Amino acid sequence: MEKSTLSEAKGFFSGKSIRRMAKPAVFVLCLTPLAWLVWRGATGGLGANPIVAANQYLGDWALRFLLITLAVTPLRGLSGWNGVMRFRRMLGLYAFFYVCLHISGYIVLDQFFDWPAIWQDIIKRNYITVGMVSFTLLIPLALTSTNTMVKRLGGKRWIALHKLVYVIGVAACFHFYMMRKGVQWEPIIYGAVLAVLLGYRVAVWLKRKTKNTKGPSAAAA
Amino acid sequence: MLIRHKSPLDIQPSEITSKSVYRDRRRFLATAAFAGIGATFAPLIGPASIALAAAGTKGRKLEGVIPGPFATDEDKTPYEDITAYNNFYEFGTGKTDPARKAHTLMPMPWKVKVDGAAGKPGVYDYDDLIRPHKLEERIYRMRCVEAWSMVVPWVGIPLADIIKRLEPAANAKFVAFETLVDPKQMPGQRFGALNWPYVEGLRMDEAMNPLTILAVGLYGEEMPNQNGAPIRLVVPWKYGFKSIKSIVRIQFVEEMPPTTWNMAAPREYGFYSNVNPTVNHPRWSQAKERRIGDFLKRKTLPFNGYAEQVADLYAGMDLSKFY
């Protein structure tokens, strides 16, 4: 009797059920920043300029999710934990989700559909130009994120297309850096994190390259 | 714009009571936030700590404040917002940093050094500088270069009155101001977000304009630290950053003095920095502004609505060049 409850408990915490629960758990977890914002907005906790505060908060989370997504591959490479790859698409789509909210906030709350002003912003304010470029490049990645689209494109082309995320990351960090006045810590920290994440890929690429060039010459010797 | 001279029957600063109501509401919500969400998100809860800080630094009531000219009859921005949403990089670059961190500033005793081409140079105590003058309430619009604005009931003295007492020489064409440098009191100065000290300047005729004041308080009370205690400049027709805070030095000079934001980004911030909806800023369209508390933006007025008083100062100048 005791034994069976013990094994039941063991079964519940076994790798299998944790794995089953992991995706929904991450899904819900990724929504908490939004829930927090809604709650704060509803209770008057966003300060004197809630529209700007909300929009900067959404932008912050868009950038964070972008960096988290970019961290998945290095995490696998360094830890050998292949399972982490299951979350990459969801995290990337959450980055897109928060970017969409960020831009909707700008259009609806900040500018209230003042299209001429929005257009002027896009062409004249450099940080908005760069932000919009980053957003635009993210759209094809979101659209081709389904299994069907991966198959239709073919693995190689899909991978090539999704390398755009590096450009998007750089543009997003620049967008953040340019919008801040003076020299500020936060954009520098985000930029440094991005540099590390992209640097990892460069390091892997260089390693592979030197291996490949070494290989034949070693054989020749 | 109409110049409205206030009669004694008008609302006095001491009668404005909405402040305490606001403060209690926010504090209640903030407490609930802490209880409900837990410490993980504590750094994100701005208003909680701000409410406490604001309560802690509540200023003393200023005595003998008389209503001054140029008062706008627009709705005043609540005390809670004026004191919780600030740009004061000496305490950090976040809007809520000053309210949370400015308690380390020691506004009393305070000394102001007066030098340059002045007939009466020297180091003036706060009392020596301010006490000889009558305090006036000046309810002004305040337009930030970031396209938001407030209506602030300042308490202060016409800068012209103080300048006259300091007897600038004939060759004094500009007035230069300097903010305190003391990283112990101003923790934001440990990081070089800007070059410290913060410096600003006005042309002599701008400084002598009756709109320009040295402010020592708001809402009838002593200046809160986060708003630039104990003495700050207020130049309502210019973007907010011209109105330098926590002044420790006033200098009369012949040449146009350097100004902090101009040095940081010359393409973005000029010496004059008059509010001008037709001169675009690389970061913000200046055509519109959001009054704190409003949802929709409103049109920005030339010289922030003070054209009648100051447009003459710039007659013949190309303001798209001298931005």
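Hey, any hits in the stretch B:232-246 for a residue that's in a helix (DSSP H, G or I), surrounded by fewer than 20 Cβ atoms within 10 Å (Cβ to Cβ) and away from every other protein chain (no Cβ under 14 Å)? Don't jump to the end; show me each part of the working.
Taking the stretch B:232-246 and keeping what is in a helix (DSSP H, G or I), we get B:240-242.
Next cut, surrounded by fewer than 20 Cβ atoms within 10 Å (Cβ to Cβ) only: none.
Taking every residue of the stretch B:232-246 in turn, none turns out to be in a helix (DSSP H, G or I), surrounded by fewer than 20 Cβ atoms within 10 Å (Cβ to Cβ) and away from every other protein chain (no Cβ under 14 Å).
Hand me the list of helices (runs of 4 or more DSSP H) wholly inside the stretch B:65-166 holding 2 or more residues that are under 15 Å from the mean Cα position of the chain (by Cα).
Values: elements: B:79-82, B:97-101, B:126-130, B:159-166.
Qualifying helices (runs of 4 or more DSSP H): B:79-82, B:97-101.
Just one of the numbered conditions (1) in contact with a strand residue (DSSP E or B) (Cβ under 9 Å, 6 or more places away or on another chain); (2) without any contact (Cβ under 8 Å) to a residue 12 or more places away in the chain; (3) under 30 Å from B:A117 (Cβ atoms); (4) of a type outside the set (F, W, Y) is not true of B:S273; which one?
Status for B:S273: all satisfied but (2).
Taking interchain pairs and intrachain pairs at least six residues apart, which have beta carbon atoms under 6 angstrom, with the first residue in the stretch B:290-303 and closer than 17 Å to B:V152 by Cα and within 11 Å of chain A (Cβ to nearest Cβ) and the second surrounded by 14 or more Cβ atoms within 10 Å (Cβ to Cβ) and among the aliphatic types (A, V, I, L, M)?
Taking only residues 6 or more apart or on different chains, the pairs are B:I292/A:A48; B:I292/B:M150.
Among residues belonging to the stretch B:206-221 that are over 11 Å from the mean Cα position of the chain (by Cα) and hydrophobic (A, V, I, L, M, F, W, C), point out the one that is surrounded by the fewest Cβ atoms within 10 Å (Cβ to Cβ).
B:M208
Scanning the stretch A:34-91 for residues that are among the aromatic types (F, W, Y) and under 30 Å from A:V204 (Cβ atoms), which turns out surrounded by the fewest Cβ atoms within 10 Å (Cβ to Cβ)?
Taking the candidates together, the pick is A:W81.
Which one of the conditions (1) part of a strand (DSSP E or B); (2) of a type in the set (S, T, N, Q); (3) at pLDDT below 95 does B:N195 fail to meet, given that it meets all the rest?
Exception for B:N195: condition (1).
For the stretch A:14-36, name all the residues that are under 26 Å from the mean Cα position of the chain (by Cα) and either free of Cβ contacts under 8 Å to residues at least 12 places away in the same chain or facing chain B (nearest Cβ under 10 Å) (or both).
A:I18, A:R20, A:M21, A:P24, A:A25, A:V28, A:L29, A:L31, A:T32, A:P33, A:A35, A:W36
With the stretch A:120-221 as the region, which helices (runs of 4 or more DSSP H) entirely inside it contain at least 3 residues that are crowded, with 16+ Cβ neighbours inside 10 Å and of a type in the set (S, T, Y)? Explain how you work it out, then say what you get.
On the way: elements: A:126-143, A:147-153, A:155-162, A:164-179, A:185-220.
Qualifying helices (runs of 4 or more DSSP H): A:126-143.
The values are calculated or read from the model by the stated rules, or taken from the named source; none is laboratory data. No experiment lies behind these values; they were computed from the predicted model shown. All Cβ positions, glycine included, derive from the backbone under ideal geometry; neighbour counts span all protein chains shown.
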